[in-house]
1. By how many degrees, 0 to 90 and rounded to 10, does the Cα axis of helix 135-148 deviate from the longest principal axis of the chain?
2. Counting other beta carbons within 10 Å of each Cβ, put 72, 8 in order, fewest first.
3. Normalised by the residues of segment 1-105, what does the relative contact order come to in percent, with Cα pairs under 8 Å and at least six apart?
4. Using label points projected 7 Å from each Cα along Cα→Cβ, tell me how many nm separate residue 38 and residue 79, to one decimal.
5. Neighbouring Cβ atoms within 10 Å as the yardstick, rank 134, 30 fewest first.
6. Give the angle, between 0 and 90 degrees and rounded to the nearest 10, that separates the Cα long axis of helix 153-168 from the longest principal axis of the Cα atoms of the chain.
7. Just checking my list (1) 9.8; (2) 10.6; (3) 11.7 against mean projected area of the Cα convex hull in nm² computed from this structure; which label fits?
8. Which of 70, 4, 36 has the fewest other C-beta atoms within 10 Å, and how do the rest follow up to the most?
């Protein structure tokens, strides 16, 4: 993918919830698993928040939902069962997003460890890093968790604490 103009990023961010997964990843409906994987890697490199940290805060705010939708699209299209459900949903006019089922604990109460599998994964890694007093890795993993769950108060508080701890332990 060629570099994308900031105005195009903002336009895509406004429309991302109206674009089906195939169009988002620039794929045909009959794309192979290998083509899906290749498209995902290309798109995720282009729209990854870390690859765009030099952009203005407005552009970065637009990139986050795009990156999340790219991951969501890949999660659905790479799995044959989910993809079949999604294709059926598209054919019936049921919308461009497939809502993945969540377990009951996610619905009934906020989960302090995160609501997404990726958020929980990076939160757990950050906790391990903190036990080892590896603050820079903990900070990196918490920032990654926040790309999957922007606004997660638990992650934000832990990130703030980790930054403070790193400042008080400059050798880490």
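1. Between the helix axis and the principal axis of the chain, the angle is about 30 degrees.
2. Values: 72 17, 8 11.
Starting with the residue having the fewest Cβ neighbours, the order is 8, 72.
3. On the way: 86 pairs, mean separation 34.0, N = 105.
Relative contact order for segment 1-105 comes out at 32 percent.
4. Each label point lies 7 Å from its Cα, and together they span 2.5 nm.
5. Values: 134 17, 30 7.
Neighbour counts put them in this order, fewest first: 30, 134.
6. Orientation of helix 153-168: about 40 degrees from the principal axis.
7. (3)
8. On the way: 70 23, 4 16, 36 20.
Exposure proxy ranking, most exposed first: 4, 36, 70.
None of the figures in this text is laboratory data; all of them are computed from the coordinates on show. None of the values given here were measured: they were computed from a predicted structure. Counting neighbours? That spans all protein chains shown, and the Cβs are built from the backbone with ideal geometry, glycine included.
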